[in-house]
Each structure stands twice: as structure tokens, then as C-alpha cells.
Amino acid sequence: MASRSNRKITVNRVIIGTLANWFNSYLQNRRQRVVIPGTKSEWNVINAGVPQGSILGPLLFLIYTNDMVNDIQSNIRLFADDTSLYIVVEDPHEAGQLLQSDIDRITDWSSKWLVKFNPAKQNPCSYLVKSTNLSILSCIC
């Protein structure tokens, strides 16, 4: 069974040819088990994600998430597995609509590619820049 990462790389044709085949073999047919002194779990097939702690993990994550920023109207910053949306606010109503629209787009993207965001890390916040009377509204996913 192909992993989600493998499926997305194939669907988007981000990587083609021999290199795609190499990535596919790296991501397919993986198994894991837990070993605790004195006992071991059964092997389980891994159908999603990349090997934790791998050198290729961060690169594959970037390839996997690179299209999340498409059609986003706010400012968006990605760092490792964190995503931040922010805008400079002149009209709070318009800003709220814009951020919500972008959050909806990211939600649709995450549903399509089976990516789950951690609700505990979602932290809307607002900052006021006194010298300009502009607010910066930020949403961290």
C-alpha cells in the first residue's frame, strides 16, 4: 500500500523518473514495532508519514506541504511543522473574513491530503502597533 506522502508525490508529479522511484521505495512497505526491555510488540505496517529522525524527513515534509500556501491571501510562514498566518489590519471585519477564508482553504487542503493540525497549538492573537494604530492579527496552526 502506498503512503500518503508517496501518493501526493505521484499525484503532483513533484518528482519524476528514477528519483520518484527511489522516494517511493523509501516510503513504501515500512514496518515498525516497540521494543521494551524484556518484550517486543508485533510488527505493524506504516502507511503514512516519513521515518522519524531521518535525514530526508524535513525535505519530504517541505515537498509534501509546499502547495499549502497556494491561494492564501494572508501572510503565511512555514517553519518545520509550524504554520503561521498573519495580516496587518486596517479594517477588523475585512481582516477577520480574510483570515477565516485562508483558514478554510488550509482546512480543505489538510482534508485532501490527510494532514491533521494540533488544536492545542492553534493560538489566535492580536498585537497593536501604537505608533501607526494598525493591528497585526495572527493565527498559528
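Some notes on this structure:
- The requirement of being in contact with a helix residue (DSSP H, G or I) (Cβ under 9 Å, 6 or more places away or on another chain), at pLDDT 80 or above and either open to solvent by less than 60 Å² (accessible area, probe 1.4 Å) or closer than 25 Å to residue 56 by Cβ (or both) is fulfilled nowhere in the range 93-107; no residue meets it.
- Filter result for the condition that a residue is modelled with pLDDT of 80 or more, open to solvent by 100 Å² or more (accessible area, probe 1.4 Å) and more than 28 Å from residue 111 (Cβ to Cβ), over 18, 39: 18
- Hits in the range 75-97 (condition: free of Cβ contacts under 8 Å to residues at least 40 places away in the same chain and touching a Leu at 6+ places or on another chain (Cβ under 9 Å)): 75, 76, 77, 78
- Selected residue (criterion: least open to solvent (accessible area, probe 1.4 Å)) from residues of the range 110-119 that are over 9 Å from the mean Cα position of the chain (by Cα) and closer than 20 Å to residue 86 by Cβ: 118
- Counting residues in the range 42-51 that are modelled with pLDDT of 80 or more and within 23 Å of the chain's Cα centre (by Cα) gives one or more.
The values are calculated or read from the model by the stated rules, or taken from the named source; none is laboratory data. Here the structure is a predicted model, which is why all the values come from computation and not from measurement. Reconstructed Cβ throughout: ideal geometry from the backbone, glycine too, with neighbour counts over all protein chains shown. In case anyone asks, the SASA skips ligands and DNA or RNA and just uses the protein heavy atoms, side chains included. Shrake-Rupley method; radii C 1.70, N 1.55, O 1.52, S 1.80 Å.
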